[in-house]
1. Please determine, by comparing only the residues of segment 83-107 that are over 20 Å from the mean Cα position of the chain (by Cα) and open to solvent by 60 Å² or more (accessible area, probe 1.4 Å), which one is farthest from residue 68 (Cα to Cα).
2. Out of all the residues in segment 246-279, which are in contact with a Phe, Trp or Tyr (Cβ under 9 Å, 6 or more places away or on another chain), acidic (Asp, Glu) and part of a helix (DSSP H, G or I)?
3. Within segment 6-47, count every residue that is surrounded by fewer than 23 Cβ atoms within 10 Å (Cβ to Cβ) and either hydroxyl-bearing (Ser, Thr, Tyr) or under 11 Å from residue 77 (Cβ atoms) (or both).
4. Residues that are out of contact with any Cys (no Cβ under 9 Å at 6 or more places or on another chain): which strands (runs of 3 or more DSSP E) entirely in segment 1-110 hold 1 or more of them?
5. For segment 179-199: of the residues being of a type outside the set (A, V, I, L, M) and within 22 Å of residue 222 (Cβ to Cβ), which is surrounded by the fewest Cβ atoms within 10 Å (Cβ to Cβ)?
6. Looking only at segment 155-212, how many residues end up being at positive phi, at pLDDT 95 or above and aliphatic (A, V, I, L, M)?
7. Check segment 251-270 and report whether any residue there is touching a residue at least 40 places away in the same chain (Cβ under 8 Å), exposed (fewer than 12 other Cβ atoms within 10 Å of the Cβ) and on the phi < 0 side of the Ramachandran plot.
8. Among the residues of segment 117-139 satisfying the criterion of being more than 14 Å from residue 159 (Cβ to Cβ) and free of Cβ contacts under 8 Å to residues at least 40 places away in the same chain, which is most open to solvent (accessible area, probe 1.4 Å)?
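The values are calculated or read from the model by the stated rules, or taken from the named source; none is laboratory data. What you are looking at is a predicted structure, and each value in this text was computed from that prediction instead of being measured. Counting neighbours? That spans all protein chains shown, and the Cβs are built from the backbone with ideal geometry, glycine included. Note: areas computed on protein heavy atoms with side chains; ligands, DNA, RNA excluded. Shrake-Rupley method; radii C 1.70, N 1.55, O 1.52, S 1.80 Å.
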Amino acid sequence: MKWFGVVPAITTCFASGSRIDHGFMAAHCQWLIENGCTGVVALGSLGEGATLEPEEKVAVLSNCAKAVEGRASMVAAISSLATAESVRLAKAAADAGCDGLMVLPPYVYRGDWREMKAHVSAVFSATPLSCMLYNNPIAYGTDFLPEQIQELAGENGNLHAVKESSADVRRISAIRALVGERLALLVGVDDAILEGIGAGAVGWIAGLANALPRESVDLFNYGVEGKASHAFELYRWFLPLLRLDTVPKFVQLIKLVQEELGVGNADVRAPRLRLTGTELEATRELFRESIRTRPLPASSDLGGRAQSLGAR
């Protein structure tokens, strides 16, 4: 398992009656990889994992793992209300053929460090799979501080990465100062990717990549390769869309962009509802303006550059 490159947190596609469209999801995974993504994460917040039944989660993981077929990394997001449920899902992910786990703190309960350490450590030790800790204090209320991440890394040999979503790019530098190259650091906030790369991040758990993978991969590679003028030009165009990943209705917004581009639909599972009224029209207007000025994708070999980064 190599934690690097653009790894979309994929949306969960629903068909009529809120049924999961496994056919589309398999094709979507393959399309993302063909456009240079180095892996996919299923069942995350963007994947509406909190609304899926346990058997639905396992079915999504099995389907996506078969679709990836060793061409890229298959990662399962592990989250629940209870530690025991997270442990069961981690084991099911291993059985389904996943390569790694993205481990979240428990939903709702915001425990202290002793409790959160026990929770994530139980998931890490449930399987031999490579694990990435997901730190998102904005969404989940639990903040894994750099010193705590260092402690987890010292006690859990299969903790290999951190998805840093505090929106404070200084956290990446702080973690690196404590653990060096021991952990791969990945950006989890779409509109902080270039800043994160500048601080030493080697990967991006991306949202808008679900709709615009080629632009996402180009942006990431420009940042890693130090092509500042190319990166800034693409970033300036991309930022209005990337900021859709940072608001409460990010799932509806990103799915709407997918629908507008013909690479998915905007259906969500309750309690989320599709956008309507002025909110819908404002997003469509933003999308139309972005597509009107959409730059041409880079013509170079994206897959080759991604593999080169992973070998570093």
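1. 85
2. Listed by number, the list holds a single entry, 260.
3. Within segment 6-47, residues that are surrounded by fewer than 23 Cβ atoms within 10 Å (Cβ to Cβ) and either hydroxyl-bearing (Ser, Thr, Tyr) or under 11 Å from residue 77 (Cβ atoms) (or both) number 3.
4. Working: elements: 5-8, 39-42, 73-78, 100-103.
Because the criterion is at least 1 residues that are out of contact with any Cys (no Cβ under 9 Å at 6 or more places or on another chain), the strands (runs of 3 or more DSSP E) in segment 1-110 that meet it are 39-42, 73-78.
5. To start, the set of residues in segment 179-199 that are of a type outside the set (A, V, I, L, M) comprises 180-182, 188, 190-191, 195-196, 198.
In the following step, the residues that additionally are within 22 Å of residue 222 (Cβ to Cβ) were identified as 188, 190-191, 195-196, 198.
Numbers: 188: 29, 190: 25, 191: 20, 195: 18, 196: 22, 198: 15.
Ranking the candidates gives 198 first.
6. Qualifying residue count for the region: 0.
7. Among the residues of segment 251-270, at least one is touching a residue at least 40 places away in the same chain (Cβ under 8 Å), exposed (fewer than 12 other Cβ atoms within 10 Å of the Cβ) and on the phi < 0 side of the Ramachandran plot, which makes the answer yes.
8. Keep residues of segment 117-139 that are more than 14 Å from residue 159 (Cβ to Cβ), which gives 118, 136-139.
From what's left, free of Cβ contacts under 8 Å to residues at least 40 places away in the same chain: 118, 137-138.
Numbers: 118: 62, 137: 31, 138: 123 Å².
Ranking the candidates gives 138 first.
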